[in-house]
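Read through the structure below, which is laid out as structure tokens, and then see the notes.
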Amino acid sequence: MKQLLALFLFLQTACFGAPAWVSEQNLEVLVSKEDIAKKVNEVAAKIDAEYSGQELEVIIVMKGGVCVASDLIRALQTPITLGYMKASSYGKNGASAGELKITGLEDLDLSGKNVLVVDDIFDSGNTMTQLVKKLEEAKPKSLKTLVLLSKKIPRKTQYRPDYVLFEIENRFVVGYGLDYKEYYRGLDSVYAFINDTPPLSLQ
């Protein structure tokens with residue numbers, strides 16, 4: 001119960017505005033908060049139509065999926081329950097840690113349920129592909145995935161998300177849940193680093 005309460009508080013406070021210091025950073029808006037809001041509402045309407053008369057379990061992939069999931073669940077008319085898990089192959093310094101670590105699956109009861117996994121970005125696709133394989137072992141009634149962003153890059157995996165809000169070029173992006181070394185998650189738009197170079201102070 002304490003974990004769920006902490007999650008709800010985080011959802012309510014995670015994605016508000018761009019603080020003054022952003023204008024001093026090496027950032028440019030890639031996807032505006034207005035475009036995000038419009039697309040979230042469009043996708044929510046599609047999901048409502050697909051799951052009409054049914055219930056849906058929304059699984060947030062923490063921490064990146066928190067902003068898009070927060071807005072999505074408020075736009076949905078479909079009755080939902082909410083869960084979360086964490087998947088990471090990166091360390092705090094932003095460098096790849098290699099093997100994917102998944103936590104939280106042991107707390108999810110998905111048998112016979114319609115499940116929608118929500119994440120921030122589909123990059124190489126390896127994380128989502130492995131998550132789907134693990135979640136299928138829980139024998140859900142249905143299993144679909146939604147991502148905020150999908151990069152236009154070659155991939156080894158054949159898996160693709162069921163819902164993609166925006167396709168983007170291969171840029172270094174932050175904001176609206178996406179981070180660099182745990183910074184920038186709370187920005188209300190998606191930003192790209194100019195010349196794909198983060199500030200010297202964070203490198």
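The values are calculated or read from the model by the stated rules, or taken from the named source; none is laboratory data. Quick caveat: nothing in here was measured; it's all calculated off a predicted structure. Cβ: placed from backbone, ideal geometry, glycine included. Neighbour counts: every protein chain shown. Protein only, heavy atoms only, side chains kept; ligands, DNA and RNA dropped before computing areas. Shrake-Rupley method; radii C 1.70, N 1.55, O 1.52, S 1.80 Å.
Assorted remarks:
- Residue 166 accessible area, 1.4 Å probe, all protein chains in place, Å² to nearest 10: 40
- Note that segment 134-186 shows a convex hull volume over its alpha carbon atoms of 134 Å³ per residue.
- Legend: calculated FRET efficiency, residue 81 to residue 134, from the Cβ-Cβ distance at R0 = 22 Å, rounded to 0.05, equals 0.70.
- Accessible area per residue (1.4 Å probe, heavy atoms of protein chains only) ranks 42, 99 as 99, 42, with the largest value leading.
- 5 angstrom amide H check on residue 57, placed H, neighbours 5+ away: 81, 114, 115, 116
- Note that segment 47-60 has calculated 3J(HN,Hα) couplings of 5, 4, 5, 6, 9, 3, x, 10, 10, 9, 9, 9, 10, 8 Hz, one per residue in order, obtained from phi through the Karplus relation 6.51 cos²θ - 1.76 cosθ + 1.60 (θ = phi - 60°); glycine and proline are x.
- Residue-normalised accessible area of segment 106-203, given per residue in Å² at a 1.4 Å probe: 50
- Candidate lysines - alpha carbon under 18 Å from residue 151, same-chain residues fewer than 8 apart omitted: 39
- Pairwise centroid distance, computed over Cα atoms, of segment 153-173 with segment 101-131, Å: 16
- Each peptide in 28-35, 171-178 gets a packing score, the mean of other Cβ atoms within 10 Å over its residues, and the list from highest to lowest is 171-178, 28-35.
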